[in-house]
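The values are calculated or read from the model by the stated rules, or taken from the named source; none is laboratory data. What you see is a predicted model; the values in this text were computed from it and never measured. All Cβ positions, even for glycine, are placed from backbone atoms using ideal geometry, and neighbour counts span all protein chains on display. In case anyone asks, the SASA skips ligands and DNA or RNA and just uses the protein heavy atoms, side chains included. Shrake-Rupley method; radii C 1.70, N 1.55, O 1.52, S 1.80 Å.
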Amino acid sequence: MGKKILVLGSSFGGYHCAVTLRKLLRKEHAVRVVSSDDVFTFIPSLPWVIMGWREPAAIQFPVADSLRRKGIDFVQDTIVKADPDGNRVTGRKGDYEYDYLVAATGSELDFEAIPGLDPERGHGHSVFTVEQALQAREALQRAIGKGSGSLVFGNAQGASCLGPVYEAAMMTETYLRRKKIRHKFRITLFTNEPWLGHFGVAGFGKMTRMLEDEFAERHIEWRIDSKMAGVTPDAVELEGGEKLESDFSLIVPAFYGSHAYMGIEGLSNPRGFVIADDYLCNPKYQNIYAAGVALAIAPPFKTAVPVGVPKTGQMTEEMAGVAAHNIAADIKGGSKKRGKDFDVVCIADAGDTGFYLSASPLLPPRNKLVHKEGKAAHFMKIAFEKYYMASLRYGLPKTHFGW
Ligand SMILES: Cc1cc2nc3c(=O)[nH]c(=O)nc-3n(C[C@H](O)[C@H](O)[C@H](O)COP(=O)(O)OP(=O)(O)OC[C@H]3O[C@@H](n4cnc5c(N)ncnc54)[C@H](O)[C@@H]3O)c2cc1C
């Protein structure tokens, strides 16, 4: 009898998982995606949206139509509660039943933890959605329009997506330098990490010194082991009393998984990330899989201020492929793949240069570590974005050359 596979989320994890499932399973098995968004956004380009170097249309794609054309049912809805004992989830519009569930819902942003951090109700800005990036663009232009001032970029305690503020700080520095007004602005980056470039994984060899050198060259000040106390209209306040004056601040908060999974014994950890074994399968509810940011991964290293583990786009797509493969193996028989032996490939853009990184495995000590700084990395990142969007639009093969 045909099985019902329900994929929650339609971004890097959900889209890739659903498309892979459709390829692996015969038509008698139904694949359905339920997601809050019917548009896919290439999130790594959002810092360029802040700078005005990209318009949203260039990095968005109508994901619902594309899934439907591939024989995958799509419903735009936000899931508010999972009922793993009843094999159903509840959305704002209705209930959805399944035989297999894939949680690829990414994260919710924990702005409430820090007074003044919320871009809607407070004074900080963020970079997780097109709306946030456009709001940050406007605020940054207002600050620059004053002619001089202080610009602050930071990772809050518990944050795990640590790279974007490094990128945004260096892009802003490039922008100001090109306009010949760099000398009028102070740029500061603070981070929860114990050193620059720790990235939740105890760093990537000499990448730390490369970043320190780059920041020194660009005269970007930095603070490590930072814990925020709050954001006011004109300052970011750190615990310990330091106030970083700010005419503009861009801050990455800590994540929740999803409130839809939270509090369900055996399904999620206390912050709503889905617990899964090495095969990305929940140990208690063995018809539930997790991929991407929604997956619970305990921080492997103790740090003075909490730092989460990064789950990059490339890692997410690999997990999504493994989750799809393992569900197909459950249904058709066959061996399962391991899903947590992570490698990482990533490029951080710095405005007029970039940092390329490839590491295997993700955590040290490693068998392979390649990092290079240069203009080539900057152009590779641009080329990758263009290829990725074209691959969605025209069905080109996937590649991981320039995440
Ligand atoms: C600014 C920025 C820059 C980045 N740069 C890079 C980079 O250069 N390279 C890299 O590899 N990674 C980068 N990342 C990380 C990358 O974007 C993430 O790894 C990736 O988005 C994770 O994909 P995901 O599918 O797990 O979650 P998400 O992309 O967060 O997607 C979650 C999906 O679930 C849906 N959803 C959420 N909640 C619900 C709900 N309750 N019900 C139904 N649907 C729901 C959403 O609508 C969305 O479709 C960056 C991240 C940011 C924020």
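Structure above, values below:
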quantity: Rounded accessible area of Cys161 (nearest 10 Å², 1.4 Å probe); calculated: 40
quantity: Sequence-distant residues sharing a close amide H with Ala296 (under 5 Å, placed H); calculated: Val274, Ile275, Ala276
quantity: His259-Glu239 pseudo-label distance in nm [points 7 Å out on the Cα-to-Cβ vector]; calculated: 2.5
quantity: FRET efficiency for Phe301 and Met1, using Cβ-Cβ distance with R0 set to 56 Å, rounded to 0.05; calculated: 0.75
quantity: Debye log10 I(q)/I(0) at q = 0.18, 0.19 Å⁻¹ for the stretch 110-254, Cα point scatterers; calculated: -1.03, -1.15
quantity: 12 Å beta-carbon shell around Lys284, net charge (K/R +1, D/E -1); calculated: -3
quantity: Whole-percent carbon and sulfur share, accessible surface of the chain, 1.4 Å; calculated: 53
quantity: Segment Thr208-Arg121, length gained on full extension (0.36 nm per residue, minus Cα span); calculated: 27.8 nm
quantity: Estimated inter-spin distance, Thr232 and Glu97, nm [label 7 Å along Cα→Cβ]; calculated: 5.8
quantity: Whole-Hz couplings from phi, Karplus 6.51/-1.76/1.60, listed for the stretch 165-171; x for Gly and Pro; calculated: 6, 4, 4, 5, 5, 6, 5
quantity: Rough spin-label spacing in nm, given labels placed 7 Å along Cα→Cβ, for Asn269 and Lys284; calculated: 1.6
quantity: For Val7, residues with placed amide H under 5 Å, excluding near neighbours; calculated: Arg32, Val33, Val34, Val102
quantity: Cut-off 11 Å between beta-carbons: net charge of the residues surrounding Lys337, Lys and Arg +1, Asp and Glu -1; calculated: 0
quantity: Rounded accessible area of Trp403 (nearest 10 Å², 1.4 Å probe); calculated: 20
quantity: Taking the convex hull of Cα positions in the chain, its mean projected area over all directions (nm²); calculated: 18.9
quantity: Fraction of beta bridges assigned by DSSP in the stretch 110-254 that are antiparallel (%, nearest 5); calculated: 35
quantity: Average projected area [Cα convex hull, the stretch 1-113], square nanometres; calculated: 8.8
quantity: Per residue solvent-accessible surface (Å²) - the chain, probe of 1.4 Å; calculated: 42
quantity: Formal net charge of residues neighbouring Val307 (Cβ-Cβ distance under 12 Å; K, R +1; D, E -1); calculated: 0
quantity: Segment Asn367-Lys179, length gained on full extension (0.36 nm per residue, minus Cα span); calculated: 63.4 nm
quantity: Value at 222 nm in deg cm²/dmol, rounded to 500, when DSSP H runs of n ≥ 4 in the chain each add -39,500 (n - 2.57); calculated: -9000 deg cm²/dmol
quantity: Amide H contacts of Asn155 (H built 1.01 Å from N, under 5 Å, at least 5 apart or other chain); calculated: Phe190, Thr191, Asn192, Val252
quantity: Once the Cα gyration tensor of the stretch 301-403 is diagonalised, semi-axes √(5λ) in Å; calculated: 27, 22, 12
quantity: Among Leu176, Leu267, Leu140: highest mean-square fluctuation, GNM of the chain, C-alpha pairs under 10 Å; calculated: Leu176
quantity: Note, ³J(HN,Hα) from phi for the stretch 68-73, Karplus 6.51, -1.76, 1.60, rounded to Hz, x at Gly and Pro; calculated: 4, 4, 8, x, 10, 6
quantity: Calculated from backbone phi, Karplus (6.51, -1.76, 1.60) coupling profile of the stretch 96-105 in Hz, x at Gly/Pro; calculated: 10, 9, 8, 9, 10, 10, 10, 8, 10, 8
quantity: DSSP-defined antiparallel bridges as percent of all bridges, the chain, nearest 5; calculated: 50
quantity: Dimensionless Rg ratio for the stretch 71-112, taking C-alpha atoms and the 2.2 N^0.38 Å reference; calculated: 1.30
quantity: Euclidean distance between Cα centres, the stretch 206-274 to the stretch 44-104, Å; calculated: 26
quantity: Cα-centred dipole magnitude for the chain, charges only on beta-carbon of K, R (+1) and D, E (-1), debye, nearest 20; calculated: 1320
quantity: Within the stretch 110-254: Cβ-based charge dipole about Cα centre, in debye rounded to nearest 20 (Lys, Arg +1; Asp, Glu -1); calculated: 760
quantity: Rg and Dmax [Cα atoms of the stretch 343-403; Å; Rg one decimal, Dmax integer]; calculated: 12.8, 40
